1. Give me the residue from the range 113-140 that is surrounded by 15 or more Cβ atoms within 10 Å (Cβ to Cβ) and charged (D, E, K, R) and, out of that set, farthest from GLU237 (Cα to Cα).
2. HIS331 fails exactly one of the following numbered conditions: (1) crowded, with 24+ Cβ neighbours inside 10 Å; (2) more than 30 Å from GLU419 (Cβ to Cβ). What is the number of that condition?
3. Can you tell me how many residues in the range 562-606 are of a type in the set (Ser, Thr, Tyr) and closer than 22 Å to LEU22 by Cβ?
4. May I ask you to verify whether GLY383 is surrounded by fewer than 24 Cβ atoms within 10 Å (Cβ to Cβ), more than 18 Å from PRO450 (Cβ to Cβ) and under 18 Å from the mean Cα position of the chain (by Cα)?
5. If you take the residues of the range 190-239 that are surrounded by 14 or more Cβ atoms within 10 Å (Cβ to Cβ) and β-branched (Val, Ile, Thr), which of them is nearest to GLY73 (Cα to Cα)?
6. Look at GLY117 and say whether it is out of contact with any helix residue (DSSP H, G or I) (no Cβ under 7 Å at 6 or more places or on another chain), farther than 30 Å from PRO271 by Cβ and modelled with pLDDT of 95 or more.
7. Give the residue that is farthest from VAL14 (Cα to Cα), with candidates limited to residues of the range 138-161 that are assigned to a loop (DSSP other than H, G, I, E, B) and among the charged types (D, E, K, R).
8. Right, TRP560: crowded, with 17+ Cβ neighbours inside 10 Å and over 16 Å from ALA624 (Cβ atoms) or not?
Amino acid sequence: MAAQSGSGIDRRGVVARHNPVLRGIDPRAPLSVGNGEFAFTADPTGLQTFPAAYENSMPLCTQSQWGWHTAPGRPPGELRLAEYDTFGREVGYPTDSRGQAPLFNWLRENPHRLHLGRAGFAIEQPRDVRFLQQTLDLWTGTLRSEFEWRGRAIAVETACRDAADGIAVKLRGRVPVVFEFPYGTGAMSAADWAHPERHRTVEASSGPQRVELARTLDAAEYRAAIEWRGPAAWKREGPHRFTLAPAADEFEFTLTFWQGAAPPARTPLWPGLWTRGAAIELPPDERARELERRIVLSQYLTAIQCAGSLPPQETGLTCNSWYGKYHLEMHYWHAAHFASWGQAPLLERSLGWYAAILPSAREKARSQGYAGARWPKMTAPDGRDSPSNIGPLLIWQQPHPIAMAEMVYRATPRRATLERYREVVLESAEFMASYAHYDPGGARYVLGPPVIPAQENHPPRETWNPTFELEYWDYGLELAQRWRERLGMVREPKWDQIRAKLAVLPVKDGVYLAHDNCPETFTERNRDHPSMLYALGVLPGRKVDRETMRRTLRKVFAEWKWADTWGWDFGAVAMTAASLGETGLAVDVLLMDTPKNTFLPSGHNWQRANLPCYLPGNGALLLAVAHMVKLGAFPKEWKVRAEGFPA
């Protein structure tokens, strides 16, 4: 059924009915406030009063896009690369830790993202508190918490500061506030509280109602400022611990973090986050309203955690995954949905980072004998590819900047957009063209070996022509050609030649395979990402035979090990189903009852104990819903109202 447009959705009403409400500690579902560059995750007191209750589930962290730490003691020497035969020449990749594990691991773990500091009440144990209610007002990004302590009613209002990296807190009820600061670590908690001697916290300045702290962790430095209104006593209680004790029943304070000379100005998310762009309202059917809940919470979470100046880590600014580094093959799933929901400026905040690391991406390609720019997989602000037995051999992140730049251009089709992303688009395509190898025996261009496809459980020396990557190469090169034409340049003949002779998508027994050398059919390895489906839906599917893809979709539904997939797979599979007109399957996969498709009360997409939230799952859900709106791919009995989606 096509979604109705121009229907005057009560946006605030839709959002408000999904405000998360907690009445006690849920170790997997603390709530966060943020602005895209900074996030603060709180317990039911509205601050980080009881971190121990969350430590092994969803740590309470304060994180930013800019807050990174590098541990001293880098092992000497340079990393030895593993050599892979690449059509008669040897190409080195940082994939082998044997004999060099200390350096290999140090490079993976550094730099790592910091927990900037903890703000909590001076209350010893959760049993000392009677929790009443905590509500996250999604419309304003404000967390309201009510509890009783020592017979006193306490009310706390916590929000991210409008244009700075920090929190603003309003407190009713007299209770001291504690500020503590840890050393850095790449662990999930992003904090090492056991080594106070390794870092310094100095009172750089103070006034009647303001204290500025200078933090030093090896080479990392940043500032934290606490300002308050109302009478209060400030006290230092340890090398990195301070208390602020209000002397009145109504009290306000701010906690702000920054690097450099002064706090940078931020573009506020509020007001306007919910009034700009697209909105959708689903009917009051139980399944539809659960899907609507996931949609609304995913919009909130990706706005506060993925709309920053850098690609986000998979856990955003909630806690550390993979040492706080980001995975560029996931950048699309974190942020592309902003454009599909009419919020392209939020995508642009991180898309510009590719130009910043263009020199290192060019050098990476050159060192491997390729042209253009080769984007890393797991990286930090420096753009250095982290060693891994898998990551450096992935290629499907390569067309992402082209696809995302195209989404931005469609939202703002101006010369300035073309010039802004010109080099990133064209240099990405240059690498893609040079990576494709002409096989004279088959009279075709091939991808790999070595290559690890999006479905990562295939050996790189025995893998070539992965289905999804072939389609993405075709699409990415065509988009780059369009950019050349828009820029007044002629089409690059080599790119058209590669597209015309690119290997066909591999098929066996009437279904698409993961890659050309896949044993039997994909059922031999039916776990991880069913990426053979993503050539249609995620992509336009120019090379796809739709009936072959339909058979593949149904085989995946019947035989795939869904517990071994990842959160973004459910949205991606839904896009394939919607493109084939399989409306029921699209909704079924979005709501499939399987562990990694869990959406917690906070809206976070849980994956496993050491990956308690997974924002690519939230972003993929939003991409899928926008795709379904465009195609009208909802159940016939659902009355769906949608507005503001790009044509």
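1. The extreme case among them is ASP137.
2. Here HIS331 clears every test but (2).
3. First, pick out the residues of the range 562-606 that are of a type in the set (Ser, Thr, Tyr): 565, 576, 579, 583, 594, 598, 602.
Checking the rest, the ones that are also closer than 22 Å to LEU22 by Cβ come to 598, 602.
Selection size over the range 562-606: 2.
4. Values: surrounded by fewer than 24 Cβ atoms within 10 Å (Cβ to Cβ): yes; more than 18 Å from PRO450 (Cβ to Cβ): yes; under 18 Å from the mean Cα position of the chain (by Cα): yes.
Yes, satisfied.
5. THR201
6. Values: out of contact with any helix residue (DSSP H, G or I) (no Cβ under 7 Å at 6 or more places or on another chain): yes; farther than 30 Å from PRO271 by Cβ: no; modelled with pLDDT of 95 or more: yes.
When the stated conditions are applied, GLY117 does not pass them.
7. Pass one, the range 138-161, residues assigned to a loop (DSSP other than H, G, I, E, B): 138-141, 150-151, 161.
Cutting the leftovers down to among the charged types (D, E, K, R) gives us 150, 161.
Numbers: ARG150: 38, ARG161: 25 Å.
Top of the filtered list is ARG150.
8. Working: crowded, with 17+ Cβ neighbours inside 10 Å: yes; over 16 Å from ALA624 (Cβ atoms): yes.
So TRP560 passes the test.
The values are calculated or read from the model by the stated rules, or taken from the named source; none is laboratory data. Nothing here was measured: the structure is a model prediction, and the numbers come from that model. Cβ coordinates were reconstructed from backbone atoms using ideal geometry, including for glycine residues, and neighbour counts include every protein chain displayed.
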